[in-house]
Amino acid sequence: MIQIAPSILSADFSRLGEQIIELDKSGADMIHIDVMDGNFVPNISYGTPVVKSIRPLTKMTFDAHLMINEPSKYVEDFAAAGADIITVHWEADHHIDRTINYIKSFNVKAGLALNPATPAELIRHVLPELDMVLIMSVNPGFGGQKYIKYCSEKIRQVKELSEKYNKDLLIQVDGGVTADNIKEVVDMGANVVVAGSAVFKNGAIRENIAELRRVL
Ligand code: DX5
Ligand code: ZN
């Protein structure tokens, strides 16, 4: 079963609550929450107050993608705000093993994200500890960018590693996924697909999610 995780970075923030409810009704599986600090990535988005305010609207899994430096400083706050999965970047933390275990100490699932140029092999030793690996298929910071082709091979590599070291792993792909390439991403081994602009384009959430499912 392939999960679709709409990124609310592309939502209409003046109607965020309504759109969360619409995502729920349209068969989205989790809400992907892109947190940016203007430091690890060249953009600033939103933080725990937004997570807290939308938490009562749905039971869907909240998947917090922290594109921030020193993520461990904020893990407790995101767990308290209602995140179900907290994903940190390999490139943003010096002590990934410690941070993964720290996330899990709050009874939250732990994800590890890799930028496009970061090799898949780096996850090997922590793989048994992880609930999810996020393969970035654009350089993080902005929605609406073009899928980077070579990331398809990385998805396949992560899939192979997961078969050896963690069969239950969620393999998430994030960035530039549309109805034109979602099939390829899933064929390579992804089981959770993030989509921002492809879900929110023209404000037609229900139709856009249906189209992604149809291609799958
Ligand atoms: C990029 C974010 C992505 C992005 C996805 O930094 O992590 O989640 O918003 O948006 P699209 O699907 O438009 O590339
Ligand atoms: Zn993301």
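Magnitude of the charge dipole for the chain, about its Cα centre and with charges confined to Cβ atoms of Lys, Arg (+1) and Asp, Glu (-1), is about 300 debye. Between the beta carbons of D77 and L16, assuming R0 = 22 Å, the FRET efficiency works out to 0.70 to the nearest 0.05. Accessible surface computed residue by residue for the range 1-42, with neighbouring protein chains in place and a 1.4 Å probe, gives 41 Å² per residue. Legend: residue pairs K73/K109; K52/K183; K109/K159; K25/K104, Cα-Cα distance threshold 28 Å; pairs beyond threshold, K52/K183; K25/K104. With all protein chains in place and a 1.4 Å probe, the accessible surface of the chain carries 50 percent carbon and sulfur. For the range 192-207, the Karplus equation 6.51 cos²θ - 1.76 cosθ + 1.60, evaluated at θ = phi - 60°, returns couplings of 10, 10, 8, 8, x, 4, 5, 8, 9, 4, 6, x, 9, 4, 4, 5 Hz by residue, with Gly and Pro reported as x.
Springs join every pair of Cα atoms under 10 Å in this Gaussian network model of the chain, and among V108, V185, V50 the largest mean-square fluctuation is at V50. The range 5-50 gives an Rg/Rh value of 1.01, both radii derived from C-alpha positions and Rh following Kirkwood.
Treating each Cα of the range 103-216 as an identical point scatterer and ignoring solvent, apply the Debye formula and state log10 I(q)/I(0) at q = 0.18, 0.23 Å⁻¹. Cα-only, vacuum Debye calculation for the range 103-216: -0.89, -1.25.
Quick one: length gained pulling K25 to R213 fully straight, 0.36 nm per residue minus the C-alpha distance? Can you show the working numbers first?
On the way: separation 188, 0.36 × 188 = 67.68 nm, distance 1.44 nm.
My answer for the length gained is 66.2 nm.
What is the log10 of I(q)/I(0) for the range 151-216, computed with the Debye formula using one identical point scatterer on each Cα and no solvent, at q = 0.16 Å⁻¹? Summing over Cα pairs of the range 151-216 leads to -0.54.
May I ask for the percentage of alpha-carbon pairs in the range 23-164 that lie more than 25 Å from each other? Mind showing how you got there, number by number?
Values: 2539 of 10011 pairs.
Summing the P(r) of the range 23-164 above 25 Å gives 25 percent of all pairs.
Across the range 40-91, Cα-Cα pairs more than 18 Å apart make up 27 percent of the total.
H95 to E153: FRET efficiency via 1/(1 + (r/R0)^6), r the Cβ-Cβ distance, R0 22 Å, to the nearest 0.05? Could the numbers behind the result be given before it?
Values: r = 28 Å, r/R0 = 1.29.
Step by step, r from the Cβ atoms, then E = 0.20.
Rounded to the nearest 5, the antiparallel percentage of DSSP beta bridges internal to the chain is 5%. Phi angles of the range 57-62 translate, via the Karplus equation with coefficients 6.51, -1.76, 1.60 and θ = phi - 60°, into HN-Hα couplings of 7, 7, 9, 4, 4, 9 Hz per residue; Gly and Pro are given as x.
The values are calculated or read from the model by the stated rules, or taken from the named source; none is laboratory data. From a predicted model like this one, the values you see are computed outputs, not experimental measurements. Cβ atoms come from the backbone with ideal geometry, glycine included; neighbour counts cover every protein chain shown. To get the accessible areas, we keep the full protein, side chains included, count just its heavy atoms, and leave off ligands, DNA and RNA. Shrake-Rupley method; radii C 1.70, N 1.55, O 1.52, S 1.80 Å.
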